[in-house]
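Colleague: My structure is below; once you've seen it, I'll send some questions.
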Amino acid sequence: MTSPTETPAGYRSGFASIVGRPNVGKSTLTNALVGAKVAVTSSRPQTTRHAIRGIVHRADSQLVLVDTPGLHKPRTLLGERLNDVVRATWAEVDVIVVCLPASDAIGRGDRFLVNELARIRRTPKLAVATKSDLAGPEALAGHLVAVHELGIAAGVDWAEIVPVSAVRNEQVGLLADLLAAQLPEGPALYPEGELTDEPETTLVAELIREAALEGVRDELPHSIAVVVEEMGLRPGRQAGRPLLDVHANLFIERSSQKPIVIGTGGARLKEIGTTARKQIEALLGTPVYLDLHVKVAKDWQRDPRQLRRLGF
């Protein structure tokens, strides 16, 4: 890690929380700022279940991004715990990034979120109009006005309002500049080149869950959890030909959901495994053997004991 004696004069470091209602592009924005995939992305709401940290290394600063679950009205114990994660994160960061997608009108969920944030007086807040590529110039201008008015109504004085398209990498660099300017002066918090502080097993489990989320029924993704039971290099391999063995369980809540995940003749599970394996190999730079099993953890989203077992 960079020591204080090596830190350039005026160097800044700190934490930024990326918040918003579900499915507004928080994880996509996190990955774009980091320049690598550290957070699971999906078209499904409530995909993020952990506060994922992504690290942005710059010549003048180090920005640690905390991508949080979407704040929402909870219907399960899991939902309550995800909201607790969000609020706990707000209290610990140096700046808060509020994602308000340009593709959608400001709604009840946005107003609820910004009113909640108004209680945090001293932490600067930036409003980001995510998905700006999905709105024409006139619609985008109207959206930025609406974001400004939302801040006034809630008593939040936006430090900046900036439109960003993470998919097209438009204004991502500008946003990084604006966030870095809000950080306190201090040395780097993580070594150069480190992109996340998430354990590899957690990242691998999230990649498997992301692969499982695509192509299943709308109601099923919230019932899916993944636990990596064992992960390690296979012994006895020739030098220069490593193979990483990953054994993971994919948990669902009811036996009736098994056929949805496994598919006819195991085709769906095989597709999940192939997709996840490629992502894991890209992340870790090592050939992977992935062993996946589907198991039932009855009503785990509402069961405190099951939630602890699954890491929540």
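The values are calculated or read from the model by the stated rules, or taken from the named source; none is laboratory data. All values derive from a computational prediction rather than experimental measurement. Every residue, glycine as well, gets a Cβ built from its backbone with ideal geometry; the counts of neighbours run over all protein chains shown.
Colleague: What about ARG168, is it in the same structural domain as ARG12 (by TED's automatic domain parsing), without any contact (Cβ under 8 Å) to a residue 24 or more places away in the chain and part of a loop (DSSP other than H, G, I, E, B)?
Modeller: So ARG168 does not fit the description; no.
Colleague: At pLDDT 90 or above and loosely packed, with under 12 Cβ neighbours inside 10 Å: which single residue out of GLY265, GLY273, GLY285 fits that description? Lay out the reasoning, then the answer.
Modeller: Details: GLY273 fails: loosely packed, with under 12 Cβ neighbours inside 10 Å; GLY285 fails: at pLDDT 90 or above.
Exactly one of GLY265, GLY273, GLY285 is at pLDDT 90 or above and loosely packed, with under 12 Cβ neighbours inside 10 Å, namely GLY265.
Colleague: When residues of the stretch 245-267 are filtered for being over 21 Å from GLU229 (Cβ atoms) and charged (D, E, K, R), how many remain?
Modeller: 1
Colleague: Something else now. Does VAL204 satisfy the condition of being more than 16 Å from VAL296 (Cα to Cα) and either over 25 Å from the mean Cα position of the chain (by Cα) or not acidic (Asp, Glu) (or both)?
Modeller: The answer is yes for VAL204.
Colleague: Looking at the stretch 160-179, which of its residues are crowded, with 21+ Cβ neighbours inside 10 Å and more than 13 Å from ALA129 (Cα to Cα)?
Modeller: LEU179
Colleague: Condition test on VAL156, is it touching a residue at least 40 places away in the same chain (Cβ under 8 Å), touching a strand residue (DSSP E or B) at 6+ places or on another chain (Cβ under 8 Å) and assigned to a loop (DSSP other than H, G, I, E, B)?
Modeller: So VAL156 passes the test.
Colleague: Right, something else. Can you tell me how many residues in the stretch 6-25 are within 24 Å of ALA188 (Cα to Cα), in contact with a Gly (Cβ under 9 Å, 6 or more places away or on another chain) and modelled with pLDDT under 85?
Modeller: Here the count works out to 1.
Colleague: Could you please find all residues in the stretch 138-152 being more than 12 Å from PRO101 (Cα to Cα) and of a type outside the set (A, V, I, L, M, F, W, C)?
Modeller: GLU138, GLY142, HIS148, GLU149, GLY151, listed by residue number.
Colleague: Sticking with this one: Restricting to the stretch 6-22, give me the number of residues that are closer than 22 Å to ARG108 by Cα and surrounded by 17 or more Cβ atoms within 10 Å (Cβ to Cβ).
Modeller: Total meeting the criteria: 5.
Colleague: Right, something else. Give ALA205, ALA146, ALA139 a once-over and let me know the one that is assigned by TED's automatic domain parsing to the domain that holds VAL226 and free of Cβ contacts under 8 Å to residues at least 60 places away in the same chain.
Modeller: Checking each option against the conditions leaves just ALA205.
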